[in-house]
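*Asks:* I'd like to ask some things about the structure below.
Derivation of every value follows stated rules applied to the coordinates shown; laboratory data play no part. Since the model is a prediction, treat every value here as computed from it, not as a measurement. Note that each Cβ is placed from the backbone with ideal geometry, even for glycine, and that neighbours are counted across all protein chains shown.
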Amino acid sequence: MDRIPLLLLVAWLLPLVSFAIIAIGYSVPQFFGIRVRYSTQKYGAYISVAAIVAACVLSMTAMFWCWLPNNPLKSSEEHEGHAEHTAMASPASVGEHTPFKLVAQEKSEPSDSAATATEPTETERTAAGSNAPPTSLTGDWYVLGQFGNLRLTIGYYIDTLTVTMFCMVSFIASCVHIYATGYMHDELEDYVDHEVHLPNHEHLHRRGRFHRFFQFLSLFSFSMLGICISGNLAMTFVFWELVGISSYFLIGFYIERHSASTAANKAFIVNRVGDFGMLIGLMMIWTTLGTFNFGDMKDADGTVHPGIFSQLRLKQNNYELAPADGMIAFEARAQVAEVVRNGGDDAAVKNLITNLRNDTNAHWGQWALLIAGVGLFCGCMGKSAQFPLHVWLPDAMEGPTPVSALVHSATMVAAGVFLVGRIYPMLSPEALLVVATIGCITLILAASIALTAVDIKRVLAYSTISQLGFMMLALGLGGWVAGLFHLITHAFFKSLLFLCSGSVIHAVHTNDMRQMGGLRHKMPITAYTMLAGCLAIAGIGIPFVFGFSGFHSKDAIVEQAIHFARTNGGTHPWMWLYVVIPLIGAALTSFYMFRLWYMTFAGSPRDPHKYDHAHESPPVMANVLIVLSIFAVCAGWSLSWVGPGVLKNFGVESLLEQARPIGILGNKPGVLLSTLVIPDEHASHATAVKVPAGVSAILVALAGVLGATIVYLWESISAASLRRSMSLLYAATWNKWWFDELYDYLFVRPTHLIAAFIARVLDRGIIDGIIHSLAYIVRGFAQVVGIGGDRYVIDNAVDTFAEKTWDLGLSLRSLQTGRLRQYVMFIVVGMIVLFIVASLLVKFAVAG
Amino acid sequence: MTPYLLASSLTEPVGVRHFLVVGAFLFICGVVCMATKRNALGILMGIELVLNGANLNFIAFGSPYLRQASESIGLDGQLMSLFVIVLAAAEAAVALAIALNFYNSFNTIDVDRADQLQG
């Protein structure tokens, strides 16, 4: 059953191939000054589109495979309680050049926690304990390097989450690629950038760079798929940074615009801040666990190297999270050193660690676990634009709209949520509370800013941040499936919304919603597909009957929140905030989404000139919108009501359920915060939770829609008077809660001040002074050597030698008389002298 | 014995020494001729004498009859002198050409006038 890794490998590498082809075929000639013709640039887009569509088809094939009854990733412990344990097939030959082979996670014996067909009571579920690891395929494709125990590989860890992410990413990337062939059409001729003002009061004229856009889109898709498939944290980090750099290229696609290049820098730098935390998490994991692999690896001689998950959730612990020995040893460095100094051997150290582990009051190793989890979450905060690192995402709107659609739905921001979902088994309840709190703050903050934004793309950007907050909240409160389910559905409707806004911008050439209005008459397809997207994100639906995709996923989040609050509310009444804030956020979501729709498409045109020039987008763009709107409506559906059978698995939610990480079922009490309990997700589907959740979620959504309708459609209450009556709140949200200003004063200006100080004092004063005086010393020394050594000693020696040679020549000259007879005499005399000398030598020297 | 070297030569049968004496005599004559003659042709004659004196030495040392040495095939000396004769002919041709040119330039073949080579 090596077909799924192979399929996904090909799907993953195809965009890279397209990137390489475009880079070599187009950019290399350009580097040498050869201009690529516009007719040729088009083929770059075709290559890119073909690659991503093929990747999409391959991913879909892999996903349908997972729906088959005997699929290789079949859950070992299914939602409905079928404790089926299909044996994994033999190791595959995919990685035959590496010592590591495919190895299936070991099958667990049927555990009683599987029996969830009937509603179990709270105590039963807690007693049931945790779930066994999901079936996953792990292996290495290529070893980058091995340094002692540290083994850096390109490997894979494939479960149904990976497959789902692959389908979502490649599908949305395909839509965006196809849409961009229409949207970026301007780039196929010499481009006049009206937003760049040159010093001579002209606009910038430049060559179009159609192919470059697709080149980076391909790189972007490749990097994101790499994160999804990666089998270890080191590889994740590599692709994490690749996503960062490709987003940098794409956000700064209009590099000549100052705002675009600044936004690209901002996105990159803010992400670096988060990645710093991620590096700390990575170091902690490496120090304490000694591996980066998610899953277990079996090497050539059959030894199984346990990955992060199985080290932290041992089978004999019933898969409960416990700090690994390395973490305890890390925290108890002093004691371990003491034991070793006193001559203790490995067994003594082991004994010490066991004693420390049994010391239930001290919580050895918990802080290391927390630091590792929160550190990795810091990286996710940066990528997924969570408070306080959310500031880059609205500025990323400077990129072309297809990029925004990709960044905001499938690739960049999804990476953070995906990674939290991936490392979920190693997050302690305390770390999850951090995740939930950050998500909660983010969602309400961003939703409030979106209320007053007038730039159509910025409204969507803040709504993205807000929805990401929802996902983080769900994950943090224990709703693993709920959070990732919302990630998938959100990807569909948010890419739809962005592409619709792109279509609007394409038509009216402005982002400002105050200049739009009534556009639904001019561009019906865009208007009604966008309406579908708005209904989906608002979570409109009829409970238990029908719902847009966002309805299902938001419902799951609210259920989990209510369940969490019911579990913890007794001891901490403030934990009900985790219910109230998302509900307010949901109301705000539907309010600002319908505000956007009404301002753009309903009412009468506010700018008749722009309205007259508006037109529906070309078919290549409109068709993509229609396809995406279908998914936005029905991505959340499942066919579980059809009954058992093949179709039972059909649907995103049950697909995700199969990948439920090891050991996260059941109530998880905190260790450091002993009163905190992360509740069991399955229990959140109990009727006592489901009904109030469903009702409250739909009520707040409808309330938001109603509010928007009153203010912006019927205009019973004027928006201006509302603005006046809440001027302080309005000022706060209009200025984005002054986060940019705050960071400017907190970080940017102090940095500039320090930099200016360093430049003036350290650089110019001290370093330049040292260098200048060094230069003076060297010059003086050189002068001494030049005059003393060179001119007197060396020059004199050479000159004297030359003079003496000259004199010798002159004196020898007189011998050359030119008279032949004299020469003969010289010969004779010379010969005689030689004879005499020779005979004297023979007589005295040789003969003795 | 040395003072009587020449005297004893008269009483001995003809051998290498006699040839050497004649060769040395010829050589001295040639050298003196070269050193004293101002005419270029005279100098050429002196050169011929010097060469022939040397030739005599080659023949004497190369001859098995004179040296009563059986290990030699006896032709090396003669071969050498044949080379010398050929070279002398070539040299004479070159020298006569020089002399002719010199005469054309200076209207004389007095070598004392040929001091152009002086340094």
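*Asks:* Across peptide A:812-824, what mean number of C-beta atoms from other chains lies inside 10 Å of a residue's C-beta?
*Replies:* Working: counts 1, 2, 2, 2, 4, 4, 9, 7, 11, 9, 3, 3, 13.
Shielding by partners across A:812-824 averages 5.
*Asks:* Assuming 0.36 nm per residue, please report the length gained on full extension of the stretch A:L144 to A:T303 beyond their Cα-Cα distance.
*Replies:* 55.2 nm
*Asks:* Place a label point 7 angstrom from the Cα of A:L812 along the Cα-to-Cβ direction, then list the residues of the range B:96-119 whose backbone nitrogen is under 15 Å away.
*Replies:* Those under the cut-off are B:119.
*Asks:* In nm², what is the average projected area of the convex hull enclosing the Cα atoms of the protein assembly as shown?
*Replies:* On the way: hull surface 300.5 nm².
So the mean shadow area of the Cα hull is 75.1 nm².
*Asks:* Can you tell which of A:I540, B:A24, A:L9 lies farthest toward the positive end of the dipole of the protein assembly as shown, using +1 and -1 charges on the Cβ of basic and acidic side chains (Lys, Arg; Asp, Glu)?
*Replies:* Farthest towards the positive pole: B:A24.
*Asks:* Looking at the square roots a ≥ b ≥ c of the eigenvalues of the Cα gyration tensor of the range A:162-238, which shape do they give, rounded for a/c under 1.5, prolate if a/b is larger than b/c, or oblate?
*Replies:* Details: a/c = 4.17, a/b = 2.25, b/c = 1.85.
Prolate is the answer for the range A:162-238, as a/c is 1.5 or above and a/b outweighs b/c.
*Asks:* Between the range A:146-194 and the range A:489-505, what is the separation of their alpha carbon centroids in Å?
*Replies:* For the range A:146-194 versus the range A:489-505, the Cα centre distance is 17 Å.
*Asks:* Between B:N39, B:N104, B:N52, where does the largest GNM mean-square fluctuation fall for chain B, given springs only between Cα atoms within less than 10 Å?
*Replies:* Sorting by GNM fluctuation, first place goes to B:N104.
*Asks:* Another one. Grab the other residues whose beta carbon is less than 9 angstrom from that of A:V454, score K and R as +1, D and E as -1, and report the net.
*Replies:* Working: positive: A:R458, A:R514; negative: A:D455, A:D512.
Once all neighbours under 9 Å are counted, the net charge is 0.
*Asks:* Taking the Cβ of each residue in A:S221, A:S27, A:S136, A:S448 as the centre, tally the other Cβ atoms inside 10 Å and list the residues starting with the fewest.
*Replies:* Working: A:S221 34, A:S27 15, A:S136 27, A:S448 20.
With the sparsest Cβ surroundings first, the list reads A:S27, A:S448, A:S136, A:S221.
*Asks:* Give me the three principal axis extents of the range B:38-110 from the C-alpha atoms, as integers in angstrom, largest value leading.
*Replies:* Ordered largest first, the range B:38-110 gives principal extents of 56, 19, 8 Å.
*Asks:* What FRET efficiency do you get for A:D763 and A:I245 if R0 is 25 Å and r is their Cβ-Cβ distance, rounded to the nearest 0.05? Display every interim value, and only then the final one.
*Replies:* Numbers: r = 30 Å, r/R0 = 1.19.
Here the calculated transfer efficiency is 0.25.
*Asks:* Also: Can you tell me the dipole magnitude for chain A around its Cα centre, using point charges on the Cβ only (Lys, Arg +1; Asp, Glu -1), in Debye to the nearest 20? List each step's numbers first, then the result.
*Replies:* Details: 53 positive and 59 negative charges, 426 e Å.
Dipole about the Cα centre, nearest 20: 2040 debye.
*Asks:* Here's a follow-up. Taking chain A as the reference, fit the longest principal axis to its C-alpha atoms, fit the long axis of helix A:346-358 to the helix C-alpha atoms, and give the angle between the two in degrees, 0 to 90, nearest 10.
*Replies:* That helix lies at roughly 30 degrees to the long axis.
*Asks:* Something else about it: Rounded to whole Å, give me the distance from the Cα center of the range A:575-634 to that of the range A:405-463.
*Replies:* Centre-to-centre distance over Cα atoms comes out at 19 Å.
*Asks:* On a 0 to 90° scale, report how tilted helix A:524-538 is relative to the longest principal axis of chain A, with both axes built from alpha carbons and the result rounded to the nearest 10.
*Replies:* 80
*Asks:* Quick one: check the C-alpha center-to-center distance for the range A:270-284 versus the range B:8-65, whole angstrom.
*Replies:* 106
*Asks:* Here are some pairs, A:K383/A:K668; A:K554/A:K736; A:K457/A:K736; A:K298/A:K350; which of them have Cα atoms lying more than 20 Å apart in this structure?
*Replies:* Working: A:K383/A:K668 28 Å; A:K554/A:K736 25 Å; A:K457/A:K736 15 Å; A:K298/A:K350 25 Å.
With Cα atoms farther than 20 Å apart: A:K383/A:K668; A:K554/A:K736; A:K298/A:K350.
*Asks:* In the protein assembly as shown, with Lys and Arg counted as +1 and Asp and Glu as -1 at Cβ, which of these residues, A:A731, A:M426, A:N271, has the Cα nearest the positive end of the dipole, that is, farthest along it?
*Replies:* Looking along the dipole axis, the top candidate is A:A731.
*Asks:* Further, regarding this structure: Choose one of B:N101, A:L810, A:H521: the residue whose Cα lies farthest towards the positive end of the charge dipole of the protein assembly as shown (beta-carbon charges +1 Lys, Arg; -1 Asp, Glu; about the Cα centre).
*Replies:* Looking along the dipole axis, the top candidate is B:N101.
*Asks:* Can you put A:R206, A:R313 in order, fewest other beta carbons within 10 Å first?
*Replies:* Working: A:R206 15, A:R313 23.
If I rank by nearby Cβ atoms, fewest first, I get A:R206, A:R313.
*Asks:* To make sure I understand, if each residue's beta carbon is the centre and we count other beta carbons within 10 Å, what order do B:C29, A:C175 fall in, fewest to most? Walk me through the numbers on the way to the answer.
*Replies:* On the way: B:C29 16, A:C175 28.
Final ranking by Cβ density, sparse to dense: B:C29, A:C175.
*Asks:* Report, in degrees rounded to the nearest 10, the 0 to 90 angle that the Cα long axis of helix A:549-568 makes with the longest principal axis of chain A.
*Replies:* 80
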